[in-house]
Amino acid sequence: MQYIETILPSLLAGVLVTLKVFVLTIIGALPLGILAGLGLKSEFKIIRWLLNGYVWLMRGTPLLLQLIFVFYGLPLINITFDRLDAALFAFILNYAAYFAEIFRGGFQAIPIGQYEAAKVLRLTPWQTQRKIILPQVIKNVIPPVGNEVINLIKDSSLVYVIGIGDLLRAGNIDAARDVTLVPYILVGVIYLLLTAVTTIGLRRLEKYYNYYR
Amino acid sequence: MIELKNIKKSFNGRPILDDINLTINDGEILAIVGPSGAGKTTLLRALAGLGDIDSGEILLDGKPFDPRSSDLKNNVIGVVFQDYNLFPNLTVWENVTLAPKMVLKMTKTALENEIKPILTHLKLAGKEGLYPFELSGGMKQRVAIARALAMKPSVLAYDEPTSALDPSMRTEVSNLLLDLKKDGVTQIVVTHDIELADKIADKIFRVNAIS
């Protein structure tokens, strides 16, 4: 117990970094994903083609590779990021691709009649999206987006490879120094707590959106 | 008064509307009847600006207008869709007031003064806070009518107003339309229900399937 108390501060510092990567990735990737999702059903072929290429690239290669590529690869052609920026750049681009596919499906599930009703009421396309389409899409995509959000909590540990001091790294350092399993177990418990809290939050959100069907 | 002149439309070379000429006078109910696939809905969609025509002209009080233009002065046709297309995420009140607020820029007081009576008239008073999923089919239809009327259209057009309802509701629908007629609302009813058309229409226009 005393040992746990001694390593807890370093683990909590790691949690903060993990949460930072998590929150900033969500903030960046969600809006980008919505826009890309809209773009995937654009009437312009070139936009669809580019976005499909982007989604393919991001979903078709390991996030770990993308992370390494951004932080260790890009400096070779004189594009350098500091560690956190590199992590966020890779994570946001990667997660936005997954969100884009989810939102594309969400937009496609809205019946055409909703757009037509808005049109005969003379609402502009922007008003239609904001007041009618997006609120319905958001309700529909909460479960799949929630899946990705839970994944992201765990994926955030990949920043380990570019030397960011997240939760996993903090635990690993403690375990190596003190030759004990305890830090790993604690790290696991903390991840479980984080996903539990997120799951409850997502359930609440789903429930909130149940005010209509 | 709305006039349609020489309206033509074909899909993949197959004529759907073949030289339609038609006049709707103010305060009249015009029924457009015909078998499925004869172009009734195509005609209604063209009037509502949801589909285009190949040739012909639509006149409002003698002046040409383009239902597809987003210009507000072309806000002529209100549409009550077959399955109503209410916005499920909005309450009855929000469904009806969204466009008057955002498009006509009506103030809160104006909304209260002008929209409330429409709802009361359509027996929707007290239902303002309900969501569409909480309404019966007939109520949904009346909300759809209120939503269209709130935009002060010159003409109210219905696509198959009885088809999504229980047959026992037919009398209710025809009474409702005749009621609105008394208020001076000009109405176009697209229907395959000849009996309904006979009962309510001042004029019946038949579109025939072109073979």
Quiz prompt | Alpha-carbon gyration tensor eigenvalues x 5, square-rooted, for segment A:60-141, Å | solution = 39, 13, 9
Self-check item: Dipole in debye (nearest 20) - chain B, about Cα centre, beta carbon charges: Lys, Arg +1; Asp, Glu -1
Solution: 340
Quiz prompt | Formal net charge of residues neighbouring residue A:51 (Cβ-Cβ distance under 14 Å; K, R +1; D, E -1) | solution = +3
Quiz item: Of the accessible area of chain B, with the probe set at 1.4 angstrom, what percent is carbon plus sulfur?
Solution: 49
Quiz item: Accessible area lost on pairing A with B, both sides, 1.4 Å probe, Å² to nearest 100?
Solution: 2100
Exercise. Measure nothing but the geometry: give the 0 to 90° angle between the long axis through the Cα atoms of B:170-182 and the longest principal axis through the Cα atoms of chain B, rounded to 10°.
Key: 90
Practice problem: Sort B:1, A:1, A:58 from largest to smallest accessible area, using a 1.4 Å probe on the heavy atoms of the protein chains. | Solution: A:1, B:1, A:58
Self-check item: Antiparallel bridge percentage (DSSP; both residues within the protein assembly as shown; nearest 5)
Solution: 45
Quiz item: Gap in Å between the Cα centre of segment B:150-211 and the Cα centre of segment A:82-109?
Solution: 49
Quiz item: In whole Hz, what ³J(HN,Hα) sequence does segment B:107-116 give by Karplus (6.51, -1.76, 1.60; θ = phi - 60°), x for Gly and Pro?
Solution: 7, 4, 5, 4, 4, 4, 6, 9, 8, 3
Exercise. Could you rank the peptides A:109-115, B:115-121 by their average count of other C-beta atoms within 10 Å per residue, with the highest value first?
Key: B:115-121, A:109-115
Exercise. Any of A:119/B:116; B:40/B:203; A:41/B:105 with alpha carbons more than 20 Å apart? Name them for me.
Key: A:119/B:116; A:41/B:105
Quiz item: When Cβ neighbours within 10 Å are restricted to other protein chains, what is their mean count per residue of peptide A:120-132?
Solution: 6
Quiz item: When the Cα centres of segment A:114-149 and segment B:79-107 are compared, how far apart do they sit, in Å?
Solution: 14
Exercise. Net charge near residue A:94: determine it from the other residues with C-beta under 13 Å of the C-beta of residue A:94, scoring Lys and Arg +1 and Asp and Glu -1.
Key: -2
Practice problem: Work through the residues other than residue A:104 whose Cβ is under 11 Å from its Cβ and net out their charges, Lys, Arg +1 and Asp, Glu -1. | Solution: +1
Quiz prompt | Additional length obtainable on full extension of the chain from residue A:49 to residue A:24, 0.36 nm per residue less Cα span | solution = 6.2 nm
Quiz item: ³J(HN,Hα) across segment B:45-62 via Karplus (A = 6.51, B = -1.76, C = 1.60, θ = phi - 60°), whole Hz, x for Gly/Pro?
Solution: 5, 5, 5, 7, x, 9, x, 9, 10, 7, 7, x, 9, 10, 10, 10, 6, x
Quiz item: Are any of the pairs A:20/A:131; B:101/B:140; B:5/B:101; B:63/B:123 more than 27 Å apart by Cα-Cα distance, and if so, which?
Solution: A:20/A:131; B:5/B:101; B:63/B:123
Quiz item: Do any residues of segment B:31-72 lose at least 50 Å² of accessible area when the full set of protein chains is present rather than just their chain alone, and if so which, with a 1.4 Å probe?
Solution: B:50
Practice problem: Treating cross-link reach as a plain straight distance, find the lysines whose alpha-carbon is under 17 Å from the alpha-carbon of residue B:199, omitting any fewer than eight places away in the same chain. | Solution: B:181, B:182
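The values are calculated or read from the model by the stated rules, or taken from the named source; none is laboratory data. It should be emphasised that the depicted structure is a prediction, and the values quoted were computed from it without experimental measurement. Virtual Cβ from ideal backbone geometry, glycine too; neighbours counted across all protein chains shown. Note: areas computed on protein heavy atoms with side chains; ligands, DNA, RNA excluded. Shrake-Rupley method; radii C 1.70, N 1.55, O 1.52, S 1.80 Å.
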